Ligand code: ARG
Ligand code: GLU
């Protein structure tokens, strides 16, 4: 097997400067440290990651599975984004205690609020185990056979690793299974809410400003990790005590300058930097436009419903935000990929690759088939991907009612043994955030669109007969209105009283239910299996492609795609030029918040107290020497979803910001990084401290932090 020497990391895009590109594995940073020092970093690899001594990694956590957080006090105080803690903040809110509107600040430890289900995870140690995973594959040629052996090796290796009973161990593939790391983690389950600003600060700019610079969002919330008396993870208990971390970040409030070194340490989710041109073309020309157009339908309906209706705004705010987040990013991605000529650029690199394959006789047999294989696989895959996306975007993520359908299906399937209380609550939850006018519209329009789109390739005759007529939308409205799924009282009464037979009988004649049943059967029976088959073949080919790229670029470094593991990105504080004649500053100030203030735009709602502080220039020790109050800044660190809440660390290892977004012109960085345009967006720590101290009068929280002036 051509499995490579791990100490040699390589780089494919030899022609591209990579000063700021890359999400690097913390145990392999010796590859980067020289460059980091050249860029201004003053510490060493051991300060970032060490198996034996306290290091920065001991102060960084994966927060709630999808975000990052960092410790900022010796007593377990943790900071992440407001949008990462949003669910918890919302769950503690009620009309009486409206923390969303007013913010929340625990005035003492006993007021900190527990959050069942919320966890934070530390990386204890990671180790390259590639050699052991590939053990016994050296003489094999057959890819499937190699995979089989690897899959047998992994549990054996794991079984031999001894870990503390409260630690978890796993082996994760990197580089599409060309490299493997053993990862040992520790997860804490008692994580309490300590503080959050009002959403007018924590979400300032909302969806209007999302993915954009200049930005003015106070995107932070504070939590505290609790442990048992031995400082170990424990289930929630009033007897638990604040966790004492091995390391926490001092906060530097001395100010930032353009060109300063910055480093991001966090848990980026998914990137795909090594895709072939065929894949980029598919995403650019088909996949993103398809998904955007389906979400357009949903967002239009929600926008109109929320416009002048406060009740709808509350019910659909979270749904709107989560639907619009990726929808907006995909549009930025299309612009960015086009501007970079991404398909053409990939083709040029592929020409170099083909050249290499051709001039190395031995490689032709080994790697010559890969690009032609991608060609035919993606031709096959494109309509399958489209069918898959059409289904997931319409039903799984589009029509809220479809989730209720799944709930009802589980009830029917578990028959007499189902948990009445659980399912009653599920159904109530569905109706709680549902307004029937909106729900009906979502169903009829998205479903109508589904039939139209699907009729081109994969609609069954049964569905065609039913729904491809001139009055489809009338029909859909009728079946919506006549269904038991939209009759709250009747449905709840049947479920609460466990009248499953009656329910079953009703559903047999229920057209809405039957329709969704056909849709789901078609997905499970045809769409998904087809999609999955081709996807598997593509993944296999991608794995071999990366093996080949390693070989071709031997001696150069290469970073693995993000996979929710801890990574380091480094760059500099810098603004950028989004387009001709426009230059963006690297930071924003509170003045910009006042400029955006506009009662017409819901997302630009400035709190009175903030305006007061602004008018009085009352910024405490946090303002700049020139009398302004910094709010956010941009830097050239390579980040992606999951990096939200990540610490932005300066040359001395101190905290200067909290990462929360990327700029519009750089959203294609998951597939292609552009050092000129890709910027991450961070909250300036000084604005956070100002809000805690001056705005919220919760200055006592600062006592446990370590501020550096
Ligand atoms: N774009 C950021 C991220 O991907 C922030 C999302 C939350 N904010 C929002 N307005 N939806 O998560
Ligand atoms: N907001 C994103 C998150 O929640 C980070 C922004 C990005 O995708 O870079 O992880």
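Throughout, read-outs are computed from the coordinates displayed, never taken from laboratory work. Model, not experiment: these values are computed from the prediction. FYI the Cβ positions are ideal-geometry reconstructions off the backbone, even for glycines, and counts take in every protein chain you see.
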Assuming R0 = 22 Å, what is the FRET efficiency of residue 161 and residue 232, from their Cβ-Cβ distance, to the nearest 0.05? 0.65
In nm, spacing of pseudo-spin labels at residue 339 and residue 300 (7 Å Cα→C-beta vector): 2.8
For region 20-46 and region 605-662, what is the separation of their C-alpha centers, rounded to whole Å? 25
Ratio of Rg to Rh for region 154-208, alpha carbon only, Kirkwood? 1.28
For the chain, I need the span (max minus min coordinate) of the C-alpha atoms along each principal axis, in Å, sorted largest to smallest. 73, 71, 59
In percent, what relative contact order does the chain have, based on Cα pairs under 8 Å that are 6 or more apart in sequence? 25
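Among rounded, prolate and oblate, which fits region 234-359 when a ≥ b ≥ c are the square roots of the eigenvalues of its C-alpha gyration tensor, a/c under 1.5 means rounded, and a/b larger than b/c means prolate? It would help to have the intermediate numbers written out before the result.
Values: a/c = 2.23, a/b = 1.20, b/c = 1.86.
Oblate.
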Using a 10 Å cut-off around each Cβ, can you sort 638, 247 from fewest to most neighbouring Cβ atoms? 247, 638
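When DSSP beta bridges are limited to those with both residues in the chain, what percentage is antiparallel, rounded to the nearest 5?
Numbers: 65 of 68 bridges.
If we restrict to bridges inside the chain, about 95 percent are antiparallel.
Is the shape of region 141-186 best called rounded, prolate or oblate, per the rule: a/c under 1.5 gives rounded, else a/b larger than b/c gives prolate, else oblate, with a ≥ b ≥ c the square roots of the Cα gyration tensor eigenvalues? Intermediate values should be presented prior to the final figure.
On the way: a/c = 4.37, a/b = 1.99, b/c = 2.20.
It comes out oblate by the Cα gyration axes.
Based only on other Cβ atoms within 10 Å, what is the fewest-to-most ordering of 427, 408?
Details: 427 20, 408 24.
Ranked by crowding around the Cβ, least crowded first: 427, 408.
For 433, 626, which order do you get if you count the other beta carbons within 10 Å of each Cβ and list the fewest first?
Values: 433 14, 626 6.
If I rank by nearby Cβ atoms, fewest first, I get 626, 433.
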